[in-house]
Structure formats: structure tokens, C-alpha cells
1. Listed residues ALA41, ALA60; which is of a type in the set (A, V, I, L, M, F, W, C) and modelled with pLDDT of 85 or more?
2. Within the set of pairs 6+ apart or on separate chains, which have a first residue in region 13-33 that is closer than 30 Å to ALA89 by Cβ, a second that is in a helix (DSSP H, G or I) and of a type in the set (Asp, Glu), and C-beta atoms under 8 Å apart?
3. Pick out the one residue from GLU3, GLU27 that is of a type outside the set (Lys, Arg), part of a helix (DSSP H, G or I), on the phi < 0 side of the Ramachandran plot and out of contact with any Gly (no Cβ under 7 Å at 6 or more places or on another chain).
4. Which one of ALA17, ALA102, ALA21 is of a type in the set (A, V, I, L, M), touching a helix residue (DSSP H, G or I) at 6+ places or on another chain (Cβ under 6 Å), in a helix (DSSP H, G or I) and surrounded by 11 or more Cβ atoms within 10 Å (Cβ to Cβ)?
5. Test of understanding: among PHE49, PHE66, PHE5, PHE18, which residue is modelled with pLDDT of 85 or more and not hydroxyl-bearing (Ser, Thr, Tyr)?
6. Against the conditions (1) aromatic (Phe, Trp, Tyr); (2) touching a residue at least 24 places away in the same chain (Cβ under 8 Å); (3) loosely packed, with under 12 Cβ neighbours inside 10 Å, where does PHE88 fall short? Just the number, please.
7. Please verify whether ALA36 is within 30 Å of ALA102 (Cα to Cα) and surrounded by fewer than 11 Cβ atoms within 10 Å (Cβ to Cβ), treating the condition exactly as stated.
8. Taking into account only those residues within region 41-73 that are of a type in the set (Gly, Ala, Ser) and within 30 Å of ALA31 (Cα to Cα), which is surrounded by the most Cβ atoms within 10 Å (Cβ to Cβ)?
Amino acid sequence: MTEKFDVNSWLKIYRDAFAPAQQAQAEGFKAFERLARHQYAIVGDCLEFSLHAAKAVLAAKPGDDFVGAQRELGAELSSKLQKRAGEFAAIASDAQSSLASALTKAVDSVAPHATKKAA
């Protein structure tokens with residue numbers, strides 16, 4: 001008696017086995033993209049600060065005008081960076097929770113098969 005090799009069942013087993021890893025990888029890429037966009041925004045903030053600082057130097061008149069402009073620009077940058085730090089914390093916690101849920105799903109999908117093999 002010859003047994004036919006069922007490609008569809010083999011592919012289903014393969015997809016089921018690697019689905020948790022694929023989901024974890026997709027979550028990792030999403031987190032990396034959010035982090036890259038966040039870093040890009042920070043670089044934009046710093047570039048904007050340096051452009052405004054250069055304009056302040058060129059437009060400065062003797063006296064307290066330059067110092068006041070620098071103080072104001074520094075306060076602006078500081079508030080922007082504090083906001084970006086809060087955004088970074090949110091990105092990190094979201095990434096951690098999504099990866100934890102993906103790994104929990106992976107363990108839950110593998111655990112019943114492991115207990116069957118052990119029994």
C-alpha cells in the first residue's frame with residue numbers, strides 16, 4: 001500500500017508551528033519602526049533648535065537680546081525633549097506588552113502539544 005504525501009497538511013503544520021515566531025517578529029518590526037520615527041522626530045527637534053540658535057546669533061544685538069533668545073530656545077528644546085521622553089516611555093511599554101502577549105500566545109499554542117508528547 002502506498003501512502004500519498006499530503007503537501008497541504010505539511011504546510012499547515014509548518015504554518016502553525018512558526019506562526020508565533022512570525023507574529024513576534026512582526027511586533028518587533030512595528031516597535032522598531034515606531035522607535036525609528038521617534039528618533040527621527042528628536043533629530044528634527046535638535047536641527048530646528050540649531051537653526052533657530054544660528055538665526056539668533058546672526059540677528060543678535062549687543063546686550064541681553066542674545067542671552068534672552070538663547071534662554072528661550074533652550075527652554076523650548078527642553079520642553080520638547082521632555083515630551084519626547086514621555087513618548088519614548090509609551091513606545092517602550094507598548095512594545096513590551098505586545099511582545100509579551102505574542103510570547104504568551106506562542107507558549108499557550110505549544111504547551112498542549114508538549115504535554116501530549118510527554119504523556
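1. ALA41
2. ALA31/ASP94
3. GLU27
4. ALA102
5. When all the criteria are applied, what remains is PHE49.
6. Result: PHE88 passes all but (3).
7. Considered against the rule, which asks whether it is within 30 Å of ALA102 (Cα to Cα) and surrounded by fewer than 11 Cβ atoms within 10 Å (Cβ to Cβ), ALA36 comes out as yes.
8. So, considering only residues that are of a type in the set (Gly, Ala, Ser) and within 30 Å of ALA31 (Cα to Cα), the one surrounded by the most Cβ atoms within 10 Å (Cβ to Cβ) is ALA41.
The values are calculated or read from the model by the stated rules, or taken from the named source; none is laboratory data. Bear in mind the structure is a predicted one, so any value in this text is a computation, not a measurement. Please note: Cβ atoms are built from the backbone with ideal geometry, for glycine as well, and neighbour counts cover all protein chains shown.
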